[in-house]
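Written out below as structure tokens is the structure these notes cover.
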Amino acid sequence: MNVLFVTLDQFRADSYGAAGHPVVATPTLDRLAAEGVRLTKHFSQAAPCSPGRAALYTGMYQMNNRVVANGSPLDASFDNVAKMVRRAGFTPTLFGYTDQGQDPRTATGPDDPRLDNYDGILPGFEVGCYLPENQAPWRTWLESLGYEVPPGGWHQMLVDEPSRPAEHSLSAFLTNEFCRWLDAQPSGWFAHLSYLRPHPPYSAAGHFSERYDPAEVELPIAPVDAAHREPNHSAWLSIPAAAAPTDEEGQRQMRAQYYGMIAEIDSRLGQVVAAIEARGEWDETVVLITADHGEQLGDHGLKEKLGYFPQSYHIIGIWRDPFVEASGITVEAFTENVDLFPTLCERLGQPIPRQVDGRSLLALFDGTAKDWRTAAHYEWDWRYVFIGADAPGWPEHRFLERQNLAAVVNDELAYVQFGDGSSLCFDLVADPTWRTPQADPAKVLEGAKALLQWRQEHLGRQMTDLLLTAERPGVWPEVASGLPTA
């Protein structure tokens, strides 16, 4: 068996062909969905990148893993997908990045350079091609091709992608590195291919920047008028980095470039599939495709990933597995990124660690799952967004601990609880765009109770599942074997 674990940074659930998008053509993603399982209600558990990936890699909700921002360290005691894959006999190899900060308790000292940034490598991975935030390997390659790379850092390098041939893009570089590595591998490999695109800036590479006419793309969901806008929503709209263009031309241009980036990613994945097929391994390769979080893309007046609207959390989810009878299946149940770690555990014959909050999807695929969740859940912590020198300190006022939200979303309503005690509830039957408050108090109470019950059911259990008795029923063999119990 081979496993290809793909993350597409900031990829919305609705922005590819198999999901019914009216403009974007994605033949490779559509093929993978047709050969496997498409998760229609698949959600990330947090944003931005580090929090979203922490949930994905550990199978834990943010309230338990506590990675709340780009820069929050990941607790070294947690198990993760790379460590599990090693136990299964693979050598997990990374192409791209994982954005997981170093636990300071495991650093070599206060001058350990790994403490200077958040874009560290998840413990357990071998490195095939590491792309830190500055994209240094790509920069070096571009310079070797004769380009004068601007000094403005990775953002400017990506802004300039339309001016270079698509064959010299960041996504092309990473794809080439993976294919070069694959050529030298025996069968039985595990690769994590972590693409940055379609992450902003909104500038697709080469001819992909002209793939879609801005006049042909749809306009975003407009925000509610200021008089009926929730205070946090108004605050987010005031942040230049979060506010989408307000003019129609700017909105259309942003969307056309985002779709162009998706078109390129689909093309690069086509190269990857072709390389695996050329080795005769396609019928032995499990492919998992997801994202760390979504993208507002102008909906509700916002861009990037933030807040409580579902566009920041509802993401692509595809599981293509030639070893199970699941081809062309569409799963309408709510699934979450925390489910992917336990699914890989079961697929590779490994125990699911106690820390995991998700559930294996394999039973959902074959129809044997019982008592499956009826809603999706996610969190967002913005303690570092608005904090200033005059902000109240901790623990005197616990100001920082109130700058967060948790949401539960089902087919009828969305309930959002804020850390300061306020809340929102939207009627999704009357209005699926999240612009109509739920007026029925009983329904609001239903949402609040569902969120509270979810939190109570998923409190940390690393030690609560152990009971110190003379018999040590059902726990000592696992502890003695050396498997992680955290």
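Some notes on this structure:
- Annotation: extensible slack from Asp14 through Ser423 equals 144.5 nm (criterion: 0.36 nm per residue apart, minus Cα-Cα distance).
- Cβ-Cβ FRET estimate between Ser238 and Arg402, R0 fixed at 22 Å, reported to 0.05: 0.70
- By other beta-carbon atoms within 10 Å, ranking Arg86, Arg359 with the fewest at the front produces Arg86, Arg359.
- When Glu133, Glu218 are sorted by how many other C-beta atoms sit within 10 angstrom of their C-beta, beginning with the fewest, the order is Glu218, Glu133.
- Estimated from the Cβ-Cβ distance and a Förster radius of 56 angstrom, the FRET efficiency linking Ala363 and Glu143 is about 0.65.
- Long-range HN-HN contacts of Ala243 with modeled amide H, under 5 Å: Lys303
- Taking each residue as 0.36 nm, the span from Thr433 to Ala226 lengthens on full extension beyond its C-alpha to C-alpha distance by 72.9 nm.
- Between Glu457 and Asp283, residue separation times 0.36 nm minus the direct Cα-Cα distance comes to 58.8 nm.
- Long-range Cα-Cα pairs in the range 248-361 (distance over 21 Å), rounded percent: 54 percent
- Nearby lysines by direct alpha-carbon distance to Lys41 (threshold 25 angstrom, same-chain neighbours under 8 apart not counted): Lys303, Lys305, Lys370, Lys443, Lys449
- Length-normalised contact order of the chain in % [C-alpha pairs under 8 Å, at least 6 apart]: 23 percent
- Listed residues Val24, Tyr61, Gly36: farthest to the positive end of the dipole of the range 1-91 (Cβ charges): Tyr61
- In terms of surrounding Cβ atoms within a 10 Å radius of their Cβ, Lys443, Lys305 rank from fewest to most as Lys443, Lys305.
- Set of the range 17-32 residues, backbone N closer than 12 Å to the point 7 Å along the Cα-Cβ line of Thr330: 18-21
- For Arg164, the amide hydrogen comes within under 5 Å of the amide hydrogens of Gly206, counting only partners 5 or more places away or on other chains and with H modelled in the peptide plane.
- Couplings 3J(HN,Hα) for the range 434-440, derived from phi with the Karplus relation 6.51 cos²θ - 1.76 cosθ + 1.60 (θ = phi - 60°), are 6, 10, 10, x, 6, 8, 7 Hz, where x marks Gly and Pro.
- Other-chain or far-sequence residues with amide H under 5 Å of Lys41's (modelled H): Thr335
- Loop sites in the range 83-140: chymotrypsin sites (Phe, Trp or Tyr not before Pro), DSSP, at most 14 other Cβ within 10 Å: none
- Within the chain, percent of DSSP bridges classed antiparallel, to nearest 5: 50 percent
Rule-based calculations on the coordinates, nothing more; no lab input. Since the model is a prediction, treat every value here as computed from it, not as a measurement. Glycine gets a Cβ as well: all are built from the backbone with ideal geometry, and neighbour counts include every protein chain shown.
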